[in-house]
1. Would you mind telling me which numbered condition in (1) modelled with pLDDT of 95 or more; (2) open to solvent by less than 60 Å² (accessible area, probe 1.4 Å); (3) within 16 Å of the chain's Cα centre (by Cα) PRO132 fails?
2. What are the residues in region 42-88 that are of a type outside the set (S, T, N, Q) and in a strand (DSSP E or B), if any?
3. Residue check, GLU100 against (1) touching a Gly at 6+ places or on another chain (Cβ under 6 Å); (2) open to solvent by less than 10 Å² (accessible area, probe 1.4 Å), all met but one. Which one?
4. Testing VAL91 on (1) without any contact (Cβ under 8 Å) to a residue 60 or more places away in the chain; (2) open to solvent by 40 Å² or more (accessible area, probe 1.4 Å); (3) not in a loop (DSSP other than H, G, I, E, B), one condition comes back false. Which one is that?
5. State which residue is nearest to VAL177 (Cα to Cα) when the search covers only region 37-71 and only residues that are touching a residue at least 24 places away in the same chain (Cβ under 8 Å) and among the aromatic types (Phe, Trp, Tyr).
6. Looking at GLY145, is it surrounded by fewer than 14 Cβ atoms within 10 Å (Cβ to Cβ) and of a type in the set (Gly, Ala, Ser)?
7. Any idea which residue in region 109-128 is farthest from ALA39 (Cα to Cα), counting only those that are over 10 Å from the mean Cα position of the chain (by Cα) and open to solvent by less than 30 Å² (accessible area, probe 1.4 Å)?
8. Could you check region 68-88 and list, in sequence order, the residues that are farther than 19 Å from TYR53 by Cα, crowded, with 21+ Cβ neighbours inside 10 Å and more than 15 Å from the chain's Cα centre (by Cα)?
Amino acid sequence: MRQKINNRPIALLIAALVLLSGIMVWHYVTPNKKTEQAALQVAETAALVRCHYASKIDYWGLNTQSAVDNNILTNLPYHKGRLTNALGKPVLIGSGENGETVMPGERSFDVVYGDLSMGECVALAAYRFERPEELGLLQITVVSGDNRQTFSWGEENYKLPVARQEAQKICRKGSKVLWTIE
């Protein structure tokens, strides 16, 4: 005598697993609203700095404190003596990962987001700006502890825009992402 097997619970379990997998993939590839807002703040910051320095020949003297003192970065909150982005993470402006003062003759500056989680680092490094040429983006550097990788236009191996897989290789908890803007 053949016993009937009820396939309904198995089908429901498979459907639930497929749905859960789909949600996880969608969540993984889609930046959340705060991460996207933080990425857009990079473009806003670049535009505000360039506007302030439009009549000057370079970015000499630019650093986080001068940007605050000159009220350049009206798009970023300033709490407890530091600029923060939409993620609540520290923002530095200037030259290099520590936001040092831009020296005479330098025609670029860095926007630095620090203390990022691995997911934030990947999403921000691989974020696709709608018009990177208007942003004036020269390169993106990811710093994770002693590891550092710079991605530039036209590079063979580490080229812009940054692929998520490449960002995942270097991003770690506590990473920094630097956008070098001209």
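1. (1)
2. The answer is TYR78, HIS79, ARG82, LEU83.
3. (2)
4. Among (1) without any contact (Cβ under 8 Å) to a residue 60 or more places away in the chain; (2) open to solvent by 40 Å² or more (accessible area, probe 1.4 Å); (3) not in a loop (DSSP other than H, G, I, E, B), VAL91 violates only (2).
5. TYR59
6. Yes; evaluated as a whole, the condition is true for this residue.
7. This residue is PHE109.
8. Once the filter is applied, which keeps residues that are farther than 19 Å from TYR53 by Cα, crowded, with 21+ Cβ neighbours inside 10 Å and more than 15 Å from the chain's Cα centre (by Cα), region 68-88 yields only LEU83.
The values are calculated or read from the model by the stated rules, or taken from the named source; none is laboratory data. For clarity, every value in this text was computed on a predicted model and none was experimentally measured. Virtual Cβ from ideal backbone geometry, glycine too; neighbours counted across all protein chains shown. What goes into the accessible areas is simple: the full protein's heavy atoms, side chains included, and nothing from ligands, DNA or RNA. Shrake-Rupley method; radii C 1.70, N 1.55, O 1.52, S 1.80 Å.
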